[in-house]
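Written out below as structure tokens is the structure these notes cover.
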Amino acid sequence: MRIALGSDHAGLDLKNLLAAHLQNKGHDLKDLGTHAPDSVDYPDFGEAVGRLVAAGDADFGVCCCGTGIGISIAANKIRGVRAAVVHDVTTAHLAREHNDANVICFGSRVIGTLVAIEALEAFLSATFAGERHAQRIAKIHRLEEAQ
Ligand code: RB5
């Protein structure tokens with residue numbers, strides 16, 4: 001899969017760890033930064049990941065910040081992005097199955113690294129369930145169109 005990654009300084013170590021895991025699995029990665037521990041602003045990286053996913057140049061995005069919240073809010077401002085903060089395997093696979101999420105977000109200060117890896121795997125291997133969930137995603141599209 002083509003996967004875009006982004007983080008702020010707080011999410012840097014987790015982003016690098018997830019990138020190494022995905023690389024080992026043979027995915028095609030675009031690491032959009034940050035690449036150094038200096039303080040940066042999470043919206044810049046949520047936007048960069050979101051734009052790549054929304055443009056169809058990445059199948060999925062992976063975002064990390066301290067809580068996962070700020071970077072998910074930023075990514076969700078890009079039309080076509082459905083970014084989900086996940087905390088475990090259950091929220092990760094349901095984000096795909098029910099919400100057709102295309103960006104997964106982690107809080108490096110609130111999740112263990114093994115849980116994050118397992119959640120990421122659950123997210124990537126799950127599929128959108130469609131049916132009643134599709135009409136809800138269609139409503140989200142309509143909200144975007146009405147902006
Ligand atoms: C950075 O200190 C922190 O605010 C950021 O990583 C994130 O948790 C925001 O949602």
Name the one entry in R132, R136, R142, R96 that is crowded, with 17+ Cβ neighbours inside 10 Å and out of contact with any Asp or Glu (no Cβ under 6 Å at 6 or more places or on another chain). R96
I'd like the full set of residues that are farther than 23 Å from E118 by Cβ, within 11 Å of the chain's Cα centre (by Cα) and either touching a residue at least 40 places away in the same chain (Cβ under 8 Å) or away from the ligand (no atom under 14 Å from the Cβ) (or both), limited to segment 76-89. V81
Test D57 against the stated conditions and say whether it is over 27 Å from A138 (Cβ atoms), among the acidic types (D, E) and modelled with pLDDT of 95 or more. no
Out of D41, D28, I need the residue that is under 22 Å from A119 (Cα atoms), of a type in the set (D, E) and surrounded by fewer than 16 Cβ atoms within 10 Å (Cβ to Cβ). Which one? D28
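With respect to A101, determine if the residue is over 16 Å from L5 (Cα atoms), buried (at least 23 other Cβ atoms within 10 Å of the Cβ) and either small (G, A, S) or within 16 Å of the ligand (Cβ to nearest atom) (or both).
Details: over 16 Å from L5 (Cα atoms): no; buried (at least 23 other Cβ atoms within 10 Å of the Cβ): yes; either small (G, A, S) or within 16 Å of the ligand (Cβ to nearest atom) (or both): yes.
Judged against the criteria, A101 is not a match.
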Testing T34 on (1) among the polar types (S, T, N, Q); (2) out of contact with any Leu (no Cβ under 7 Å at 6 or more places or on another chain); (3) more than 30 Å from E131 (Cβ to Cβ); (4) within 12 Å of the ligand (Cβ to nearest atom), one condition comes back false. Which one is that? (2)
Counting only residues that are touching a residue at least 40 places away in the same chain (Cβ under 8 Å), under 18 Å from D41 (Cβ atoms) and crowded, with 24+ Cβ neighbours inside 10 Å, which one in segment 53-75 is nearest to the ligand (Cβ to nearest atom)? C65
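The values are calculated or read from the model by the stated rules, or taken from the named source; none is laboratory data. As the structure is a prediction and not an experimental result, all values here were calculated from the model. Cβ sites come from the backbone with ideal geometry, for glycine too, and all protein chains shown count toward neighbours.
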